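Before any comments, here is the structure.
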Amino acid sequence: MAIADPTAPTEVRGACPHDCPDTCAMLVTVEGGVVTGVRADPDHPFTAGALCPKVNDYENRVNSPDRVLHPLRRTGPKGDGRFERVSWDDALDEIAERFTAIADEHGPEAILPYSYLGTQGMLNGLAVGDPFFHRLGATVGERTFCDSGSSTAYTMTVGPTAGMDPESFAHSRCILLWACNVQSTNLHMWKFIAQAQRDGATVIAIDPMRTRTARRADWHIPIRPGTDAALALGMAHVIVRDGLLDDDYVERHTVGFDPLRERLTEYPPDVVERITGVSAADVERLARVYATTQPAAIRVGVAIERHHSGGQAVRAITALPALTGAWRHPGGGILQLTHYAFPVNGLAMSRPDWIRPGTRVVNQWQLGAALTGGLALDPPVKALFVYNTNPAVVVADQQRVLEGLRREDLFCVVGEQFLTDTARHADIVLPNTTQAEQTDLVFSWGQMYLTLNLPAVEPLGEAVSNREMFGRLARRMGFDDEIFAMSDEQVIRDVALDWSHPSLEGISLDTLRETGWARLSIPPPSEYAPHAEGGFPTPSGKCELYASLAEQLGDYVVPFFRQWYGEEQSGAPVDPLPAYVAPPDDDGAFPLTLLTPKAHAFLNSSYGNMDRQLRLMGGSQPVILHPLDAAERAIADGDPVTLASARGSMHGRAQLSADVARGVVVSPVGFWIHGNAGATVNAVTEIGFADMGRAPVFSDTRVEVSPGAPPHL
Ligand SMILES: Nc1nc2c(c(=O)[nH]1)N[C@H]1C(S)=C(S)[C@@H](COP(=O)(O)OP(=O)(O)OC[C@H]3O[C@@H](n4cnc5c(=O)[nH]c(N)nc54)[C@H](O)[C@@H]3O)O[C@H]1N2
Ligand SMILES: Nc1nc2c(c(=O)[nH]1)N[C@H]1C(S)=C(S)[C@@H](COP(=O)(O)OP(=O)(O)OC[C@H]3O[C@@H](n4cnc5c(=O)[nH]c(N)nc54)[C@H](O)[C@@H]3O)O[C@H]1N2
Ligand code: SF4
Ligand SMILES: [Mo]
């Protein structure tokens, strides 16, 4: 693709690459072949305004002196961070030799690919390495870090539907922000919520913490973590009891209402109060406001799934708009993920048909166990290839992950932009481009626009895109399949999307070159009511209050999260009716609950190394607790503290705030280990899976906070 003229200052159209629902349209300023600034495209209805505090100085990420710009080979002990520069040829030779030797000796399943959404574009994102690793015969890495549990629950209820258009929230009269910190994690959606609020809508935030979002709401409901299923079922109880149902909608567009009504008898408001900490009066009021103020919209956050009962919470919440008929109106219904609206050609991108029959699947959340013998894998993992993710920071069981990464007999390759805590452990680091240096086409999981990203400058140093990295590896391994040789443009035109799909009518690579982005060919937000007449893409075509898929498959993982579009996998039995299930009892040694939400100025662990963003986050890992909980422990604001669970401990800086409920501790994810005394929140978090979709349960972590640094530091 054309590179901008390197001499004149110019603006190039881009798309923010991050794993964020907003997928902003960026304008990248280039002067003399150098990126000198970025701004939000003012004409883009969703992005308009400013970029977020993470990305509004993206030029500093692109031009950072800390970028990895050449292939590196380790020279010191693993984790030490000492490397020497090597040529691409030498790096590729070494990888090919080691992979071949390991495959010969142990079988190719001894190679574990490991990736997530460091960049989200269709070319360089989730599926980019899959064809290579499937050809190799490597173990399949199952990616259920994020939203797999929610998506399983949501699709078993209403099917893979994009649900509400976020822009149609401007037409809502009642908005529930349920476990979603919009002001930090979905910033550009706020203007539509604010518009509705100005027009008289009631905005309600349901969150254990009084976040910057909750502060702007008309009503903040500080719920006990992990109990949302009970609250939603309590609301449904009141709605049924008080005759607030939309009988006609329930009759025509749902299945399973009778067994659900039976189940709801178990959730009267007083029982719900005992489970959730929300008073019975508030449960009643919430149910009435929600059911009687139409159109009513729900924005459900990803955070809700990270509890033992997380899937069932999403099931119960997703049932609400069908019970009240909220779907009838533009501005009514529920918004979970919009990506179902994009006809992504996952099968052609990921090539699950190349997976050799019987190849084992390892869930990426279990990396620590997989690397240290905990899963009793045969053959053991002998090689690890990490790209688009930073497991040393983002995955639970951190100390075992680090122990595994330090294994001298593990051949580890990391594709990265920076020397992350993970990359520091690599034998070979391969340099990857930023979004300003590559071509991509980006779908969104939080709005309805397709966005083209054009390269603004030549790649810095010897950095290459993920696509080019896997193209080079494939050629070195002798794989001659067409996909590895295709140009980016060819992939966009022929592979990435089903361009014949009605939602892409009038949109093509050529139109996108002119406009940069395009709204999908769907009705405007003021008219968008996709389920006004039912039509849910479930087995019955109705909203399944009693889920036939739960009955058939139990705890399955929706294809998007398994392989891009692999087979659905059945698992442990799941109650086909929503229910609240308490987390396992602890012995009382850890009286507080830890939440590790997203950092306002980081994108997961990205930007955890950037000065400005780190300063915005206060410079070091905070441990936020209620002043009364702190006083009981003789902890003052700013004190060094130890945060400990049955899993492990870490060091942080106490921050006292009545914004967190008593009994809850908040410590955001994303701070790097290096610079934080060897451990961050995932050294402490609970391991294991929730009730659906193999979502992690790290928000069911019981902890204690004590003054001072831990003895091992
Ligand atoms: N600034 C920023 N934005 C991001 C990201 C980032 O790292 N930083 N990451 C992106 C990604 S990958 C994702 S998945 C999304 C996630 O987006 P969100 O789901 O909004 O993110 P979280 O911060 O994890 O959680 C949101 C809120 O849920 C609350 N919460 C936690 N447990 C419970 C519970 O049991 N019940 C209720 N009702 N509330 C609960 C937390 O207190 C928090 O305020 O954000 C995306 N956007
Ligand atoms: N305790 C706790 N743990 C969590 C969460 C939480 O809320 N609390 N959130 C979970 C969730 S929702 C998610 S989505 C995951 C996110 O976890 P990750 O997807 O691992 O997110 P990041 O930490 O930002 O890591 C992305 C890495 O990819 C790199 N990268 C960016 N672009 C490219 C590229 O083009 N090529 C290559 N090779 N690399 C690139 C970045 O530099 C960065 O180091 O974390 C999960 N873990
Ligand atoms: S991280 Fe999200 S909010 Fe920030 S610029 Fe990117 S898409 Fe927009
Ligand atoms: Mo995520």
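The values are calculated or read from the model by the stated rules, or taken from the named source; none is laboratory data. Remember, it's a predicted structure, so these values are computed and weren't measured experimentally. When we count neighbours, we look across all protein chains shown, and the Cβ atoms used for this are built from the backbone with ideal geometry, even at glycine.
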What's the number of the condition Gly554 fails, among (1) touching a strand residue (DSSP E or B) at 6+ places or on another chain (Cβ under 9 Å); (2) away from ligand 4 (no atom under 16 Å from the Cβ); (3) assigned by TED's automatic domain parsing to the domain that holds Gly301?
(1)
Which condition does Arg612 not pass, out of (1) within 28 Å of the chain's Cα centre (by Cα); (2) on the phi > 0 side of the Ramachandran plot, if it passes all the others?
(2)
So which residues in region 133-150 are closer than 10 Å to Glu305 by Cβ and among the hydrophobic types (A, V, I, L, M, F, W, C)?
Cys146
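What number of residues within region 597-644 satisfy the criterion of being in a loop (DSSP other than H, G, I, E, B) and either among the polar types (S, T, N, Q) or away from ligand 2 (no atom under 16 Å from the Cβ) (or both)? If you could, list the steps in order and put the result at the bottom.
Narrowing region 597-644 to residues in a loop (DSSP other than H, G, I, E, B): 597, 599-602, 604-605, 607-610, 617-621, 626, 633-639.
Next, only the ones that are either among the polar types (S, T, N, Q) or away from ligand 2 (no atom under 16 Å from the Cβ) (or both) stay: 604-605, 609, 618-621, 626, 633-639.
Qualifying residue count for the region: 15.
Which residue is farthest from ligand 1 (Cβ to nearest atom), if the candidates are limited to region 209-223 and must be part of a strand (DSSP E or B) and either acidic (Asp, Glu) or crowded, with 17+ Cβ neighbours inside 10 Å (or both)? Give the steps one after another, and end with the answer.
Here is the first cut: in region 209-223, the ones part of a strand (DSSP E or B) are 209, 219-221.
If we keep only those that are either acidic (Asp, Glu) or crowded, with 17+ Cβ neighbours inside 10 Å (or both) too, we end up with 209, 220-221.
Details: Met209: 4, His220: 11, Ile221: 8 Å.
Here the answer is His220.
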If you go through Leu405, Leu452, the only one that is touching a residue at least 40 places away in the same chain (Cβ under 8 Å), in contact with a Pro (Cβ under 9 Å, 6 or more places away or on another chain) and crowded, with 24+ Cβ neighbours inside 10 Å is Leu405
Quick check on region 72-90. Is at least one of its residues aromatic (Phe, Trp, Tyr), in contact (Cβ under 8 Å) with a residue 12 or more places away in the chain, farther than 30 Å from Arg135 by Cα and in contact with a Pro (Cβ under 9 Å, 6 or more places away or on another chain)?
no
Could you say which residue among Pro17, Pro77, Pro45 is surrounded by fewer than 23 Cβ atoms within 10 Å (Cβ to Cβ) and either within 16 Å of ligand 3 (Cβ to nearest atom) or of a type in the set (Asp, Glu) (or both)?
Pro45
Do you know which residues across region 701-713 are at pLDDT 95 or above and either away from ligand 1 (no atom under 16 Å from the Cβ) or not in a strand (DSSP E or B) (or both)?
Glu704, Val705, Ser706, Pro707
Which listed residue is at pLDDT 95 or above, of a type in the set (D, E, K, R) and closer than 25 Å to Ala582 by Cβ, from Asp282, Asp218
Asp282
Taking the condition at pLDDT below 95, away from ligand 3 (no atom under 16 Å from the Cβ) and within 18 Å of the chain's Cα centre (by Cα), does Ala127 pass?
yes
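Could you name every one of the helices (runs of 4 or more DSSP H) located completely within region 277-392 that has at least 2 residues being polar (S, T, N, Q)? Before you say what the answer is, go through the steps one by one.
Numbers: elements: 280-292, 310-324, 346-350, 367-371.
The qualifying helices (runs of 4 or more DSSP H) are 310-324.
Considering Leu177, Leu187, which residue is surrounded by fewer than 24 Cβ atoms within 10 Å (Cβ to Cβ), more than 30 Å from Arg472 (Cβ to Cβ) and not assigned by TED's automatic domain parsing to the domain that holds Pro53?
Values: Leu177 fails: surrounded by fewer than 24 Cβ atoms within 10 Å (Cβ to Cβ).
Sole residue among the options that is surrounded by fewer than 24 Cβ atoms within 10 Å (Cβ to Cβ), more than 30 Å from Arg472 (Cβ to Cβ) and not assigned by TED's automatic domain parsing to the domain that holds Pro53: Leu187.
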Per the filter on region 500-552, residues over 30 Å from Gln195 (Cα atoms), assigned to a loop (DSSP other than H, G, I, E, B) and touching a residue at least 24 places away in the same chain (Cβ under 8 Å) are His501, Pro537, Thr538, Ser540, Lys542, Leu545, Tyr546, Ala547
Looking only at region 396-436, count every residue that is closer than 30 Å to His307 by Cα and acidic (Asp, Glu) and tell me the total.
3
Single match in Ala436, Ala423 (criterion: within 9 Å of ligand 2 (Cβ to nearest atom) and surrounded by 23 or more Cβ atoms within 10 Å (Cβ to Cβ)):
Ala423
Provide a single number: the residues in region 592-611 that are within 12 Å of ligand 3 (Cβ to nearest atom), in contact with a Gly (Cβ under 9 Å, 6 or more places away or on another chain) and not aliphatic (A, V, I, L, M).
5
